[in-house]
Amino acid sequence: GAGVSQSPRYKVAKRGQDVALRCDPISGHVSLFWYQQALGQGPEFLTYFQNEAQLDKSGLPSDRFFAERPEGSVSTLKIQRTQQEDSAVYLCASSSSGTGRNTEAFFGQGTRLTVV
Amino acid sequence: AQRVTQPEKLLSVFKGAPVELKCNYSYSGSPELFWYVQYSRQRLQLLLRHISRESIKGFTADLNKGETSFHLKKPFAQEEDSAMYYCAPANSGNTPLVFGKGTRLSVIA
């Protein structure tokens with residue numbers, strides 16, 4: 001079927017506004033990852049789900065960032081009270097079983113967030 | 001601390017010339033290593049993984065545990081190889097990839 005789908009593709013938010021970014025992983029993929037990619041930088045890990053369980057959220061930069069995957073499929077990354085430093089491309093990836101041996105991570109196109 | 005270093009931000013080579021994109025890592029245990037590539041206006045995608053010992057699009061990468069390196073090589077660069085390349089180690093099991101800052105390869109005709 002289709003690959004990882006993210007929406008919206010572009011989001012402009014005023015500083016202080018809350019935003020929600022959606023990720024539809026590949027059907028049946030157990031693991032889901034969120035990354036933040038600032039301009040000219042590599043993707044930085046934010047958080048990781050295995051099914052509905054959030055196993056690692058060590059990369060979330062502040063308590064304004066929150067992610068959920070309540071039914072083990074679609075995930076939402078929410079950013080409250082956005083700041084200019086939140087401007088980045090947010091990437092979602094899914095894999096059939098973690099990212100260990102022989103398991104490839106498939107990435108979405110990303111959501112470009114611009115905070116003005 | 002886990003760290004991956006790609007020392008070159010930009011690498012420009014002429015078509016037909018050899019290419020080597022460097023990656024050094026600092027990891028506990030025995031990580032698995034991947035190279036991901038992002039072509040213009042496309043999503044990030046897996047290029048190759050060290051466990052497979054395969055050649056993809058003419059690229060190979062050898063894991064050197066002594067030097068903790070996983071450099072990506074291609075003997076003859078093609079224009080379509082122009083892209084951003086990211087080295088990404090991961091501990092085995094259900095752990096996330098950690099990406100380097102990336103190297104932009106530009107192949108000049």
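Just so you know, all these numbers are worked out from the coordinates, no wet-lab data involved. Quick caveat, the model's predicted, so the values are computed rather than measured. Positions of Cβ are generated from backbone atoms using ideal geometry, with glycine treated the same way; all protein chains shown enter the neighbour counts.
General observations
- Spacing of the two label points (7 Å from each Cα toward its C-beta) at B:Lys15 and A:Gln84, in nm: 4.3 nm
- Only Cα pairs under 8 Å and 6+ residues apart enter the sum, and on that basis the relative contact order of the stretch A:5-97 stands at 38 percent.
- Cβ-Cβ FRET estimate between A:Val12 and A:Asp63, R0 fixed at 35 Å, reported to 0.05: 0.90
- Sites A:Ser27 and B:Ser52 - FRET efficiency at Förster radius 35 Å, r taken between beta-carbons, to 0.05: 0.90
- Listing B:Ser106, A:Ser73, B:Ser28 from fewest to most neighbouring C-beta atoms within 10 Å gives B:Ser28, B:Ser106, A:Ser73.
- For A:Ala67, the residues whose modelled amide H falls within less than 5 Å of its own, excluding neighbours fewer than 5 places apart on the same chain, are A:Lys78.
- Annotation: the residues B:Leu48, A:Leu32, A:Leu55, sorted from fewest to most other C-beta atoms within 10 Å of their own C-beta, follow the order A:Leu55, B:Leu48, A:Leu32.
- For the protein assembly as shown, the antiparallel share of DSSP beta bridges with both residues in that region comes to about 85%.
- Nearest-0.05 FRET efficiency for A:Ala20 and B:Glu80, computed from C-beta distance (R0 25 Å): 0.10
- Grouping the Cα pair distances of the stretch B:27-67 into 5 Å bins from zero gives a pair-distance distribution of 5, 20, 27, 20, 15, 8, 4, 0 percent in increasing distance order.
- Prolate/oblate/rounded label for the protein assembly as shown (Cα gyration tensor, a/c 1.5): prolate
- Within chain B: Cβ-based charge dipole about Cα centre, in debye rounded to nearest 20 (Lys, Arg +1; Asp, Glu -1): 200 debye
- Placing unit charges on the Cβ atoms only, positive for Lys and Arg and negative for Asp and Glu, gives the stretch A:5-97 a dipole magnitude near 360 debye about its Cα centre.
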